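**Student:** Here you go, one structure.
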Amino acid sequence: QMSPSIIDNLAMVVDKPAMYFGNGCSTHELFAFTNGFITCDSDLGRDKNNRQLLTESQRWVNDRYPFASTRPWSHTFHFLALSHGPGALTCFDKHFQLFRSGEQPDVQDPTEKQILENIIRHVERDAM
């Protein structure tokens, strides 16, 4: 039996996390949600596509951030967001989209890229 897509459910949860987890939500609640989702798939005998997707995304995060390779992705993004729950969810979403689009783990972060472009533009403008 085909399982509902965890991607669709993640999109809804990340879009309105307080509706699902209440105030003060973070990637820890999202991690519990995803684990519950794949456990439900397993209990109901559904396909393993969701579990495989999450396993592959964890490997991608481990490759991108080797310093946190022994930690679940929820802890990594919570750390990167300096323990700011909403920031951790945004960080997760940004990275999950990079993973889903087929980017390599060492791809330049879009925020980093934008910051560097702005700095270069500012330096070039001042040099004129």
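The values are calculated or read from the model by the stated rules, or taken from the named source; none is laboratory data. Bear in mind that the values here come from a model prediction, so they are computed numbers and not experimental data. Here Cβ is always computed from backbone atoms with ideal geometry, including for glycine, and neighbour counts include all displayed protein chains. When the accessible area is computed, the model is the full protein with side chains, heavy atoms only, and any ligands, DNA or RNA have been set aside. Shrake-Rupley method; radii C 1.70, N 1.55, O 1.52, S 1.80 Å.
**Student:** Restricting the search to region 96-128, which residues are among the charged types (D, E, K, R) and either touching a residue at least 12 places away in the same chain (Cβ under 8 Å) or outside any helix (DSSP H, G or I) (or both)? Before the answer, list the steps.
**Tutor:** In the first step, residues of region 96-128 are kept if they are among the charged types (D, E, K, R); the result is 100, 103, 106, 109, 112-113, 117, 121, 124-126.
Passing the criteria: R100, E103, D106, D109.
**Student:** Could you tell me how many of the residues in region 65-90 are assigned to a helix (DSSP H, G or I) and either farther than 16 Å from D109 by Cβ or open to solvent by 40 Å² or more (accessible area, probe 1.4 Å) (or both)?
**Tutor:** Residues in region 65-90 being assigned to a helix (DSSP H, G or I) and either farther than 16 Å from D109 by Cβ or open to solvent by 40 Å² or more (accessible area, probe 1.4 Å) (or both): 11 in total.
**Student:** When you check D93 against the structure, is it within 21 Å of N62 (Cβ to Cβ), surrounded by 15 or more Cβ atoms within 10 Å (Cβ to Cβ) and either touching a Gly at 6+ places or on another chain (Cβ under 9 Å) or in contact (Cβ under 8 Å) with a residue 24 or more places away in the chain (or both), yes or no?
**Tutor:** Yes, satisfied.
**Student:** Okay, moving on. Could you check N23 against (1) modelled with pLDDT under 90; (2) of a type outside the set (D, E, K, R); (3) within 13 Å of the chain's Cα centre (by Cα) and say which number it fails?
**Tutor:** Of everything listed in (1) modelled with pLDDT under 90; (2) of a type outside the set (D, E, K, R); (3) within 13 Å of the chain's Cα centre (by Cα), N23 misses just condition (3).
For (1) of a type in the set (A, V, I, L, M, F, W, C); (2) under 13 Å from T27 (Cα atoms), each residue gets a yes or a no:
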| position | (1), (2) |
| --- | --- |
| T55 | no, no |
| V61 | yes, no |
| A68 | yes, no |
| T76 | no, yes |
| P86 | no, yes |
| H95 | no, yes |
| R100 | no, no |
| P110 | no, no |
| R121 | no, no |
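To keep it simple, each residue is scored yes or no on (1) open to solvent by less than 50 Å² (accessible area, probe 1.4 Å); (2) more than 14 Å from the chain's Cα centre (by Cα); (3) among the hydroxyl-bearing types (S, T, Y); (4) more than 18 Å from S83 (Cβ to Cβ).
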| residue | (1), (2), (3), (4) |
| --- | --- |
| A11 | no, no, no, yes |
| T27 | yes, no, yes, no |
| F37 | yes, yes, no, yes |
| D43 | no, yes, no, yes |
| D47 | yes, yes, no, yes |
| R51 | no, yes, no, yes |
| T55 | no, no, yes, yes |
| Q58 | yes, no, no, yes |
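**Student:** Now, a different point. So which residues in region 60-79 are more than 19 Å from G36 (Cα to Cα) and over 10 Å from the mean Cα position of the chain (by Cα)?
**Tutor:** Keep residues of region 60-79 that are more than 19 Å from G36 (Cα to Cα), which gives 60-70, 76-79.
Within region 60-79, W60, N62, D63, R64, Y65, P66, F67, A68, S69, T70, H78, F79 qualify.
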